[in-house]
1. Condition (residue is surrounded by fewer than 22 Cβ atoms within 10 Å (Cβ to Cβ), of a type in the set (G, A, S), at pLDDT 85 or above and in a loop (DSSP other than H, G, I, E, B)) applied to segment 88-97: is it met by at least one residue?
2. Do we find that A50 is over 25 Å from Q379 (Cα atoms), of a type in the set (A, V, I, L, M, F, W, C), in contact with a strand residue (DSSP E or B) (Cβ under 7 Å, 6 or more places away or on another chain) and assigned by TED's automatic domain parsing to the domain that holds Q275 in this structure?
3. Counting only residues that are at pLDDT 85 or above, part of a strand (DSSP E or B) and not β-branched (V, I, T), how many does segment 98-135 have?
4. Of the residues in segment 32-59, how many are in a helix (DSSP H, G or I) and touching a Phe, Trp or Tyr at 6+ places or on another chain (Cβ under 7 Å)?
5. Go through segment 50-87 and report how many residues are out of contact with any helix residue (DSSP H, G or I) (no Cβ under 8 Å at 6 or more places or on another chain), at pLDDT below 90 and surrounded by 22 or more Cβ atoms within 10 Å (Cβ to Cβ).
6. Might you let me know whether segment 282-303 holds any residue that is modelled with pLDDT under 90 and part of a helix (DSSP H, G or I)?
7. Give me the residue from segment 272-292 that is closer than 26 Å to R224 by Cβ and more than 21 Å from the chain's Cα centre (by Cα) and, out of that set, surrounded by the most Cβ atoms within 10 Å (Cβ to Cβ).
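The values are calculated or read from the model by the stated rules, or taken from the named source; none is laboratory data. In this text, all values refer to a predicted model and were calculated from it rather than measured experimentally. No Cβ is skipped: glycine too gets one built from the backbone with ideal geometry, and neighbour counts run over all protein chains shown.
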Amino acid sequence: MTEHYHPLNSLKGGHWFKLICGASFQHLPAVRNLTLAYTLAGADCIDVAADPAAVAAAKEALQVASEIQARTQNRRFGGKGLPWLMVSLNDGEDPHFRKAEFNPAECPVDCWRPCEKICPAEAIVFESAGGGFSGVIDQQCYGCGRCLPVCPSQLIYTRSYVSAPGAIAPLILQSGADALEIHTQVGREADFARLWSSIAPWVGQLKVIAISCPDGDGLIDYLRTLYQIISPLPCPLIWQTDGRPMSGDIGIGTTRAAVKLGQKVLAAQLPGYVQLAGGTNAHTVSKLRASGLMREHGKNLSIPDAPVIAGIAYGSYARVLLSPVLEQLETMQIDRALVIPTIAQPATAGAQTPRHTQLEAVPELLWEAVSLARSLVSQLKEY
């Protein structure tokens with residue numbers, strides 16, 4: 001691993017930015033376009049579902065970003081290099097690894113459909129009047145669970161899944177992933193150890209390992225146990241503190257849980273870097289600075305100081321921030337399809353994204369998306 005490679009420097013310097021596309025988010029055009037915009041805005045890491053098609057969509061975007069960087073030679077769109085590509089796994093039941101489901105035929109005809117209104121991914125649709133699809137669009141659902149409590153008839157349930165150990169090697173060797181993240185919860189030592197035994201033979205090929213865990217009784221002791229299980233590591237380790245999962249787009253207050261948990265793990269002085277997630281949004285950086293948990297730009301890294309947060313991961317907030325632009329692109333795609341009908345093809349890991357769904361095909365929308373993304377990334381960066 002080379003010291004000059006910029007994601008590693010970002011971790012060391014305390015200005016690491018990670019985009020979370022979503023461990024269950026498999027809407028490939030959105031994964032591709034989010035990856036492209038945030039890469040050009042200067043992201044250090046792109047976290048996608050452990051799905052070959054999602055990885056392929058992200059890699060396609062990284063290639064396009066590299067070509068655009070070479071053409072523009074414009075440092076304000078992210079500088080040199082490309083972000084690391086991360087995939088997320090889980091060792092047991094986890095809200096990030098689930099999909100909502102319901103049978104629309106059971107919905108009362110007079111229901112006002114609060115599920116459709118509350119879904120941040122627009123994954124719930126009702127098209128019965130036009131004879132189209134009704135229900136949950138599986139690829140777009142990322143498991144936030146906001147629809148569950150609002151259903152008046154309590155008809156919505158979730159389908160969960162756990163990462164298959166046998167898929168680890170192909171994921172690392174064939175997909176080209178740079179990093180792995182393991183989602184776990186307090187009390188799962190045995191489950192974590194089983195998953196780790198499948199990962200361990202391939203760790204030498206990774207640039208970073210991340211462990212994501214929400215708060216719970218005995219959290220710090222649990223994280224220390226996990227560190228013993230994975231030691232020694234040939235690459236850097238990130239502790240992702242999952243404050244309030246998948247909530248950053250709800251409002252300002254969600255970032256409090258993220259900052260509080262980050263502070264708790266930071267105080268434990270565990271080996272590795274501490275990175276916030278779960279409730280992060282445009283107010284997270286200011287909260288960290290007010291709490292003295294961020295390293296100031298220009299700080300001499302050779303001078304020891306108090307522990308600081310190494311970076312921030314943004315999920316739902318980062319996606320919603322770009323949704324107006326991506327919705328415009330989708331509208332243009334629909335209008336074009338009405339004029340030029342196309343035959344839908346099943347998504348495969350090697351299939352290229354159709355040009356009319358590619359953000360770079362509409363330059364004004366591309367740079368609008370990059371500008372929005374950079375408004376978030378630049379809070380952590382100094383260009």
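1. There is no residue in segment 88-97 that is surrounded by fewer than 22 Cβ atoms within 10 Å (Cβ to Cβ), of a type in the set (G, A, S), at pLDDT 85 or above and in a loop (DSSP other than H, G, I, E, B).
2. Spelling it out, A50 is indeed over 25 Å from Q379 (Cα atoms), of a type in the set (A, V, I, L, M, F, W, C), in contact with a strand residue (DSSP E or B) (Cβ under 7 Å, 6 or more places away or on another chain) and assigned by TED's automatic domain parsing to the domain that holds Q275.
3. Number of matching residues: 1.
4. 1
5. 1
6. no
7. S291
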